[in-house]
Amino acid sequence: MTAEIIDGKVIAAELRGRVAEEVARVKREHNLVPGLAVVLVGNDPASEVYVRSKHTQTQAAGMASFEHKLPADVSQADLLALVAKLNRDPAVHGILVQLPLPKGLNTEAVINAIDPAKDVDGLHPNNAGRLAGGFEALSPCTPLGCIILTKSVHASLEGMNAIVIGRSNLVGRPLVQLLLNENATVTIAHSRSRDLPGLVKKADLVYAAVGKPEMVRGDWLKPGATVIDIGINRIPKEDGKTRLVGDVAYQEAHAVAGAITPVPGGVGQMTVACLLVNTLRAACAIAGLPKPAV
Ligand code: GUN
């Protein structure tokens with residue numbers, strides 16, 4: 001058996017198309033232009049690539065995009081002052097501060113300063129707590145994308161055994177909550193878990209978000225499992241360049257799984273598409289409009 005390949009490129013493009021239609025509608029009917037502000041501190045090359053992609057895709061969806069680049073040695077006070085200004089700006093409906101922040105800045109304080117209504121990353125404790133409580137919330141984009149990819153294979157996740165490997169605030173923990181909302185049975189595994197291969201073997205749905213290249217092996221998987229690989233690891237090649245690999249040994253897993261996301265071309269594509277969804281939803285909520293159709 002070989003796995004169906006879950007095409008994140010196609011699914012993300014379809015989602016961006018639906019966002020663009022709704023953006024055009026709220027513009028036409030309510031004169032509302034959703035706006036996203038992205039704050040990049042310092043010049044981490046990977047972060048610069050992500051931020052550029054967010055900017056391009058936000059504009060392509062018909063939304064306003066505001067980019068703020070600050071030097072790596074910006075003071076905490078100046079960064080907080082920018083966040084406060086964006087909180088007050090009526091043209092801004094979503095605020096994303098690109099992580100990780102350079103050393104010396106207090107990430108928790110910056111996240112806490114974002115207006116929860118504009119927190120399109122879903123990282124503010126108000127949103128994280130609402131999600132954990134089963135209430136409506138802005139939820140982190142990568143986990144939202146993982147759920148959409150899973151549902152491209154399974155119409156319902158009810159009663160399925162899911163394992164989430166990794167417990168970060170940006171991915172693992174919120175993904176667990178979203179899976180619970182879908183009525184999956186969820187195991188949370190991490191670096192201290194015992195017998196990880198044995199835990200993975202029981203899972204119908206495997207989510208790998210550990211940041212360790214090709215850690216999850218093919219023979220760990222239950223045959224037919226759906227594998228969502230959230231890892232993006234750059235590893236050196238002989239010619240001095242790098243190649244991207246996920247947290248799953250793709251070739252091995254592809255021979256055992258029922259469906260699998262490639263890296264690149266899987267989850268990565270979905271994160272920005274879901275950021276556009278969150279910005280549209282935040283804009284409608286702030287404007288007091290009904291929820292958009294996406
Ligand atoms: N860095 C990598 N992914 C993300 C993300 O989804 N949001 C933020 N703020 N920073 C990131």
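Below, the figures for the structure above:
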{"read-out": "Residue in the range 89-96 that is within 12 Å of the ligand (Cβ to nearest atom), of a type in the set (V, I, T) and touching a residue at least 60 places away in the same chain (Cβ under 8 Å) present", "value": "no"}
{"read-out": "Tabulated pairs, the range 36-63, first at pLDDT 95 or above and away from the ligand (no atom under 14 Å from the Cβ), second charged (D, E, K, R) and assigned to a helix (DSSP H, G or I), C-beta under 8 angstrom, 6+ apart or interchain", "value": "A60/R16; A61/R16; G62/K27"}
{"read-out": "Of residues in the range 142-183 being polar (S, T, N, Q) and within 15 Å of the ligand (Cβ to nearest atom), the one nearest to the chain's Cα centre (by Cα)", "value": "T142"}
{"read-out": "The range 261-275 residues that are closer than 20 Å to G172 by Cβ and more than 12 Å from the ligand (Cβ to nearest atom), paired with ones that are acidic (D, E) and outside any helix (DSSP H, G or I) (beta carbon under 7 Å, 6 or more apart)", "value": "T261/D229; V263/D229; G266/D229"}
{"read-out": "Residue within the range 117-136 that is among the polar types (S, T, N, Q), more than 24 Å from A225 (Cβ to Cβ), in contact with a helix residue (DSSP H, G or I) (Cβ under 7 Å, 6 or more places away or on another chain) and surrounded by fewer than 21 Cβ atoms within 10 Å (Cβ to Cβ) present", "value": "yes"}
{"read-out": "Failed item in (1) under 30 Å from P71 (Cβ atoms); (2) touching a helix residue (DSSP H, G or I) at 6+ places or on another chain (Cβ under 8 Å); (3) within 15 Å of the ligand (Cβ to nearest atom), with S139 passing the rest", "value": "(1)"}
{"read-out": "Condition check for K85: farther than 22 Å from L170 by Cβ, free of Cβ contacts under 8 Å to residues at least 24 places away in the same chain and more than 12 Å from the ligand (Cβ to nearest atom)", "value": "yes"}
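The values are calculated or read from the model by the stated rules, or taken from the named source; none is laboratory data. Remember, predicted model here, so these are calculated numbers, not experimental data. Cβ: placed from backbone, ideal geometry, glycine included. Neighbour counts: every protein chain shown.
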